[in-house]
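Accompanying notes for the structure given below.
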Amino acid sequence: MVIDSRLKSIYDDTETGPEQRLLTDQFIASLGPRGAHELLDGTCTLIYMFMTWLRKACEEHDEDVIQFVVPNLVATMSTMSRSVPPQAIPTMAGMVIAAGTGLSPSLWRKQYGEWTEEEMTPLEATAILLAEQINRIADDREFATRLITAALSRADDED
């Protein structure tokens, strides 16, 4: 929901105001430590799913997903200096590379320690940028959201 909301504000060219950020922060705080960890793990899962879709799309065109995704991600994040500190960019690129090669971003990260609070916004930005790239490829502003919704529906059907 957070990713979808952010994408809609980007597409509608409206800024996420302090009120929206406060509501998001309050929602995350209301989750408690376990819920916040699950939200973090869920974001990593989204990144993994987005990279899996991008990898399959690249393979259909004999392109390398890492070469296709990472330079654009790094370049875009470099322009987001107020939200994404430069020291977070290599971590996000590493995580995306791990996901692009079939490794769980959560498991990849465990080898380097726990996520830090300073990495939360760059992590969110990574998920948003990947979703936006998928939407551009599909020429559909809601494709990435439907991709995740369909995967969740399939998971519910399997239970």
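The values are calculated or read from the model by the stated rules, or taken from the named source; none is laboratory data. Owing to the predicted nature of the structure, the values given are computational and were not obtained by experimental measurement. Note that we place each Cβ from the backbone using ideal geometry, even for glycine, and neighbour counts take in every protein chain shown. Quick note on the areas: whole protein, heavy atoms, side chains included, nothing else; ligands and nucleic acids left out. Shrake-Rupley method; radii C 1.70, N 1.55, O 1.52, S 1.80 Å.
General observations
- Residue-level accessible surface for Leu23, protein heavy atoms, 1.4 Å, Å²: 100 Å²
- Under the Debye formula (equal points on every Cα, no solvent term), log10 I(q)/I(0) of segment 34-104 at q = 0.11, 0.14, 0.26 Å⁻¹: -0.30, -0.47, -1.15
- Per-residue ³J(HN,Hα) for segment 55-63, Karplus 6.51 cos²θ - 1.76 cosθ + 1.60, θ = phi - 60°, Hz, x for Gly and Pro: 4, 5, 5, 5, 4, 5, 10, 6, 10
- Filtered GluC sites (Glu not before Pro), segment 101-148: DSSP coil and at most 12 other beta carbons within 10 Å: Glu114
- Where chymotrypsin sites (Phe, Trp or Tyr not before Pro) fall in DSSP loop in segment 92-159, at most 13 other Cβ within 10 Å: Tyr112
- Take the Cα of Glu117, step 7 Å toward its Cβ, do the same at Leu39, and the gap between the two points is 1.4 nm.
- Take every Cα pair under 8 Å whose residues are at least 6 apart in sequence, average their separation, divide by the length of segment 88-159, and the relative contact order is 21 percent.
- Cα gyration tensor shape of segment 82-150, rounded if a/c is under 1.5, else prolate or oblate by comparing a/b with b/c: prolate
- The Arg146 and Ser81 beta-carbon pair, evaluated with R₀ = 41 Å, returns a calculated FRET efficiency of approximately 0.80.
- Within segment 24-106, trypsin sites (Lys or Arg not before Pro) in DSSP loop having at most 15 other beta-carbon neighbours inside 10 Å: Arg82
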